[in-house]
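The values are calculated or read from the model by the stated rules, or taken from the named source; none is laboratory data. Because the structure is a prediction, the values reported are computed rather than measured. For neighbour counting, all protein chains shown are included, and Cβ atoms are generated from backbone atoms with ideal geometry for every residue, glycine included. Side chains included, ligands, DNA and RNA excluded: accessible areas come from the protein's heavy atoms. Shrake-Rupley method; radii C 1.70, N 1.55, O 1.52, S 1.80 Å.
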Amino acid sequence: MPKSFSTLRINPARLFDSFSALSLIGATGDGGVNRPALSEAHLAARDWFCAEAESAGLDFHVDGAGNHSAVLTCQPSNLQTLLLGSHLDSVSNGGRFDGALGVAVALEVLKTIKENGINLKFDLEAIDFTDEEGTLVGLLGSSALAGRLHPEALKNPRGGRQNLLEGLARAGLSEAGIFTAARPKESLAGYLELHIEQGKRLERMGIDIGIVSAIVGIRSYRLGFIGRADHAGSTLMTDRVDASLGASAFTLAAREIVMGDFPGCVVNVGRMDFAPGAFNIVPARVDLSLEFRSPDEEQFEKMDTALMACAKEQVTRFDLGLEIECFEKHAPNAMTAKVQQVFADSCEDLGLTHVSLASGAIHDGQSFDGVCPIGMIFVPSVDGASHAPREFTKWEDCVNGANVLLQTVLRLGRG
Ligand code: GLV
Ligand code: MN
Ligand code: MN
């Protein structure tokens, strides 16, 4: 790459101002933000995106899935597009860096390239994907754009059908319109994302940049343990058909199974809903929200089989019924080797240390597996905190990551 390009850097003060303004939208007062997908706060953050694109003189558009894009067009016309993205939605009461940093950095990279009058061999698009976090569906905008969204995914989404319909109405979107976001795979040059690590590995190793090798696969289920309502005072302990026992025993056993037999994998029971749900009624039903993840497909299948067998064992043990509803199945995805190498070259040039690691969190990049080249970098998370208000990344690390992304775009687009 010519010397003049390799010395180019993002504008840290401009990025800081832009990211600080974004952090105020939906702020919870404890350092975090509450911006569930298509909530008022999330839509306000999208207004911020629109204003940023306009003030930078970038083309702006919104697709049928609500994905927000700022585009820097290059010459000649009809080039492929390199997407730089992340998401502005948050989990409920989440942190201000997850997703938001990647979107702010993507915009800053476009601004830097535009103000330096650099022509690339692809158009460059900063994109804010709809509902990465799965408060509604999960990876909704990116899977729609990649042409991977199945209509079934909208029928019984993990955030509830009513929430989805209300969110779409609030954002002026329609269910049918979501599918119009699909782009021909030939139009995409690739997808790159900067994200916080959301774990402690980089901090522990004292390394500047994580180059993601693969993103875990994820499955989520709702398990309904069915018992029988009875008077909690007058029904003998031996006569109860108590749904809570199956749900609780399953939760403890699932932990043992995954810790014992599936190293590198994780399982989470994030919610239990009791019905009728009273002090003095034996639980007739417990709906349990189960999620598990693995970076390896073969392990993933075995873990699924083991966990479902465990649920069946517990309902037999406590004489309960069981209903199993599957919400999502995303296979583990490898990142493109060439992109990983270019990230590494950029780090070397910038004098930054780097390491290859798998992502335990899901990300929009996995929607593009098999569609176009994909790559992700991580910047260190202080104390590994994420999906919580104490989520934090040192500003110097944010700037380092932004420069790695800039240099990688230049290498790919000028090389
Ligand atoms: C999203 O960040 C997830 O990994 O659940
Ligand atoms: Mn994220
Ligand atoms: Mn997240």
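I'd like to compare 61-74, 201-214: which one has the highest average count of other Cβ atoms within 10 Å, and what's the full order after that?
Numbers: 61-74: 20.8, 201-214: 18.7.
Descending mean neighbour count gives 61-74, 201-214.
From the helices alone, meaning DSSP H stretches of at least four residues, give me the mean residue ellipticity at 222 nm for the chain, per-run term -39500 (n - 2.57), in deg cm²/dmol to the nearest 500.
On the way: 13 runs with 152 residues, N = 415.
-11500 deg cm²/dmol, from helical runs alone.
When the accessible area of segment 90-175 is computed with all protein chains present and a 1.4 Å probe, what percentage of it is carbon and sulfur?
Exposed carbon and sulfur together represent 45 percent of the surface.
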If each K or R counts +1 and each D or E counts -1, the residues other than residue 405 whose Cβ falls under 10 Å of its Cβ total -2
When the accessible area of segment 217-330 is split by element with a 1.4 Å probe, what percent falls to carbon and sulfur?
-> 53
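If you count only protein heavy atoms with a 1.4 Å probe, what accessible area per residue comes out for segment 116-197, rounded to a whole Å²? Each step should come with its number before you reach the end.
On the way: 2980 Å² over 82 residues.
The answer is 36 Å² per residue.
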Any chance you could tell me what percent of the C-alpha pair distances in segment 1-155 go past 18 Å?
-> 58
In Å², what does the accessible area per residue of segment 217-330 work out to with a 1.4 Å probe?
-> 53
Please figure out what share of the DSSP beta bridges in the chain is antiparallel and state it in percent, rounded to the nearest 5.
-> 70
Residues with amide H under 5 Å of residue 147's amide H, sequence separation 5 or more or different chain, H placed in the peptide plane at 1.01 Å from N; which?
-> 183
Amide H neighbours of residue 139 under 5 Å, counting only residues 5+ apart in sequence or on other chains, H built in-plane at 1.01 Å?
-> 132, 133, 134
How high is the FRET efficiency between residue 348 and residue 162 when r is their beta carbon distance and R₀ equals 56 Å, given to the nearest 0.05?
-> 0.65
At 1.306 mPa s and 10 °C, Stokes diffusion of segment 217-330 via Kirkwood alpha-carbon radius, µm² per second = 109
Counting Lys and Arg as +1 and Asp and Glu as -1 over every other residue whose Cβ sits under 13 Å from the Cβ of residue 30, the net charge comes to +1
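Over all directions, how big on average is the projection of the convex hull of the alpha-carbon atoms in the chain, in square nanometres?
Working: hull surface 82.8 nm².
So the Cα hull casts an average projection of 20.7 nm².
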Peptide ranges 32-39, 355-362, 94-101, 123-130 listed from the most packed, as the mean C-beta count within 10 angstrom indicates | 123-130, 94-101, 32-39, 355-362
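Where Rh is the Kirkwood radius over the Cα pairs of segment 76-190, the temperature 4 °C and the viscosity 1.567 mPa s, what D in µm²/s does Stokes-Einstein return?
Values: Rh = 15.5 Å.
For the chosen part, D equals 83 µm²/s.
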Expressed in angstrom and rounded, the centroid-to-centroid distance over alpha carbons for segment 389-415 and segment 1-51 is 14
